[in-house]
Amino acid sequence: MEPGPTWCNMRVSRFLTCLAACLLLLGCARKEPEKAEFFVFGTLLDVSLSGADKATAESEFAALQGMFQYMHKDWHAWEPGALTAINQAFATGQVAVADHHIAHLIVQSQAYEKASDGRFNPAIGKLVGLWGFHTSDYPIHAPVPSSAEIEQLLAARPSSQDIQLRFIANDQWEVESSNPAVELDFGGIAKGYAVDLAIERLQASSIEGAIVNAGGDLRAFGSNQGHAWRIAVQNPLGGIIGVVEIAGSEAVFTSGNYQRFGESDSGFRYAHILDPRTGWPVSQVMSATVIADSGIFADAAATALVVAGLDEWSELATRMGLDSVLLTDEQGTIYMTQAMQSRLQLAADFVNPVILLD
Ligand code: AMP
Ligand code: MG
């Protein structure tokens, strides 16, 4: 007859079962995030999903791949697609048809151009092209345009307000420009909207949290394995300025003249962000970082703040209703609002001067 379990080895076996269950739970809690990389608008875009099973992750990544492909093709400023066809129609006084995403980008552009008093102006595509920025190869070495060429484009006063939209049906809007100089370039806003659409899709799934990061411009929601998402704010001069934690489904976007720039033969280095009021690339501000509730707004606002420069940025931040803003100038000094200061944990090795907005 087999000996029955003794009281002692029953306790041992219960302990072992309990230990195994704990380890299993620990294993679940530590489940690695599911990650995928996409290439869109000339940038690598990382998506990281927290608490997603493999099958859900795979189907979400496949859906995102389709979305990003559509965006890259249809919103591209110079590769032939829906936007270039619309720009062609604007230049020749024709009516074109836009889907609701492009219609949304136009309507938001009009709002942000107005709110920024023209510092953000996505209708200046001809100027951006004139400066050689309709390329994916950086740094660029296109010749610096002549003042006469710049003046000619400025005199035509391209503005997104020149565009009229008429709803036709379902996913179709008629769009028309009363100004043939209007050429839409969504370079300052498209990444923000792309990140929003990806986050909105993921939020509707059963996933516990996600981050969509387009080369440092990002939005997150939910938790990162039970913890808040921690975001490093890059120092344009190298290293990091500090770290912020994301609350809710906030976006953190940075615009700057340090990654994408042109350089003339004489060594004149210029940013890919233009001041729509002068037609010239901006200087002074090296980068502007904004935290806001949506990617599209954070993206447009960061671009507008770079254009505003050191004298006007704080007034513009108030005017646009932004509270968490940080700028760096060409010497590496940082300027920030109180709201940003209260969230930013400065890196221990960050020693540059910090100027706080009262
Ligand atoms: P971002 O990196 O978001 O600041 O966007 C920069 C891109 O937006 C440029 O590469 C241009 O395509 C476009 N752009 C340049 N200047 C402006 C401006 N003042 N307003 C709106 N878009 C701009
Ligand atoms: Mg932008």
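The values are calculated or read from the model by the stated rules, or taken from the named source; none is laboratory data. Quick caveat: nothing in here was measured; it's all calculated off a predicted structure. Because the Cβ atoms are built from the backbone with ideal geometry, glycine has one as well, and the counts that use them run over all protein chains shown.
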The strands (runs of 3 or more DSSP E) lying entirely within the range 246-341 that contain at least 2 residues which are touching a helix residue (DSSP H, G or I) at 6+ places or on another chain (Cβ under 7 Å) and under 30 Å from Gly222 (Cα atoms) are 251-256, 285-292, 324-329
Within the range 69-85, which residues are buried (at least 20 other Cβ atoms within 10 Å of the Cβ), of a type in the set (A, V, I, L, M, F, W, C) and out of contact with any Gly (no Cβ under 7 Å at 6 or more places or on another chain)? Met71, Trp75, Leu83
Of all helices (runs of 4 or more DSSP H) fully inside the range 3-95, the set with 1 or more residues that are closer than 30 Å to Asp185 by Cα and modelled with pLDDT of 95 or more is 54-74, 82-91
Checking Gln161 against (1) assigned to a helix (DSSP H, G or I); (2) of a type in the set (S, T, N, Q); (3) free of Cβ contacts under 8 Å to residues at least 24 places away in the same chain, only one condition comes out false. Which one? (3)
Any idea how many residues of the range 44-66 are under 17 Å from the mean Cα position of the chain (by Cα) and buried (at least 17 other Cβ atoms within 10 Å of the Cβ)? 4
Among the residues of the range 283-302, the number that are out of contact with any Leu (no Cβ under 7 Å at 6 or more places or on another chain) and either more than 10 Å from ligand 1 (Cβ to nearest atom) or more than 13 Å from Trp313 (Cα to Cα) (or both) is 11
Cβ-Cβ distance below 8 Å, separation of 6 or more or different chains: which pairs start in the range 175-193 with a residue that is closer than 18 Å to Thr92 by Cβ and within 15 Å of ligand 1 (Cβ to nearest atom) and end on one that is among the hydroxyl-bearing types (Ser, Thr, Tyr) and in a loop (DSSP other than H, G, I, E, B)? Val182/Ser159
Residues that are buried (at least 19 other Cβ atoms within 10 Å of the Cβ), at pLDDT 90 or above and more than 23 Å from Asp196 (Cβ to Cβ), drawn from the range 243-284: Leu274, Asp275, Pro276, Gly279, Pro281, Val282
Between Ala91, Ala111, which is surrounded by fewer than 19 Cβ atoms within 10 Å (Cβ to Cβ), under 20 Å from the mean Cα position of the chain (by Cα), among the small types (Gly, Ala, Ser) and more than 19 Å from Thr278 (Cα to Cα)? Ala111
Name the single residue that is farthest from Tyr112 (Cα to Cα) among those in the range 169-225 being within 13 Å of ligand 2 (Cβ to nearest atom) and of a type in the set (Val, Ile, Thr). Val195
